[in-house]
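Report on one structure; see the data block that follows.
The values are calculated or read from the model by the stated rules, or taken from the named source; none is laboratory data. Computed from a prediction, not measured in an experiment: that's the story for all the values here. Reconstructed Cβ throughout: ideal geometry from the backbone, glycine too, with neighbour counts over all protein chains shown.
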There are 2 protein chains.
Amino acid sequence: MDSIEIIGFLAAVLTTAAFLPQVYKTWKTKDVSSLSLPMLILFFIGIVSWLIYGVLKNSPSMIFANSITVISSFLLMYFKIKYGKN
Amino acid sequence: MDSIEIIGFLAAVLTTAAFLPQVYKTWKTKDVSSLSLPMLILFFIGIVSWLIYGVLKNSPSMIFANSITVISSFLLMYFKIKYGKN
């Protein structure tokens with residue numbers, strides 16, 4: 001791993017880790033009132049785009065971070081649709 | 001702008017735009033109860049790292065996106081510290 005990827009990996013761990021408690025909190029509380037579905041959809045498409053960009057730029061850090069965040073943001077969309085009806 | 005950067009720029013606009021309503025909402029409502037300061041600090045350091053990584057990887061899309069998000073996440077930290085006392 002070169003020194004550029006060490007910085008990228010640090011960035012990946014920090015921003016991915018900061019996102020996970022939101023997913024956990026939403027899963028536990030089922031409170032999706034403060035989440036906006038259009039915003040979650042835009043964010044999900046954005047993360048998918050970052051993932052494709054990371055692959056095209058040969059960036060292991062971006063591929064790692066965005067693979068996890070694609071799943072996290074998909075789960076938030078799913079929770080919003082599932083629990084938002086109540 | 002090459003085709004890789006078009007995908008990156010799309011990603012940058014989508015994820016940055018998805019973040020701005022949170023900043024606006026927090027600024028208007030002054031409600032920071034659901035925000036965690038340690039998480040905001042980790043996220044801010046993460047975004048600064050992504051910005052450095054973007055510079056080192058010569059990625060205009062990452063520099064653009066993370067320059068805006070550095071400011072957004074700094075504002076959220078500031079609001080949390082300022083309004084969190086009440």
*Could you tell me whether any residue of the stretch B:1-22 is among the aromatic types (F, W, Y), in contact with a helix residue (DSSP H, G or I) (Cβ under 6 Å, 6 or more places away or on another chain) and under 19 Å from A:L35 (Cα atoms)?*
yes
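When you look at A:S34, is it more than 15 Å from B:G54 (Cα to Cα) and within 14 Å of the chain's Cα centre (by Cα), yes or no? Please lay out each step first, then the result.
Working: more than 15 Å from B:G54 (Cα to Cα): yes; within 14 Å of the chain's Cα centre (by Cα): no.
The answer is no for A:S34.
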*Give me the pairs, please: first residue somewhere in the stretch B:9-23 and under 15 Å from B:S61 (Cβ atoms) and more than 7 Å from every other protein chain (Cβ to nearest Cβ), second residue anywhere and part of a helix (DSSP H, G or I) and among the polar types (S, T, N, Q), beta-carbon distance under 7 Å, and either six or more positions apart or on two chains.*
B:F9/B:S61; B:A12/B:S61; B:T16/B:T69
*Just checking, which of A:S34, A:S49 is among the hydroxyl-bearing types (S, T, Y), under 25 Å from B:V13 (Cβ atoms) and part of a loop (DSSP other than H, G, I, E, B)?*
A:S34
_Quick check on A:D31: is it at the interface with another protein chain (Cβ under 10 Å from one of its Cβ atoms), acidic (D, E) and within 21 Å of B:V23 (Cβ to Cβ)?_
yes
*Please determine, by comparing only the residues of the stretch B:4-22 that are surrounded by fewer than 17 Cβ atoms within 10 Å (Cβ to Cβ) and modelled with pLDDT of 90 or more, which one is farthest from the chain's Cα centre (by Cα).*
B:I4
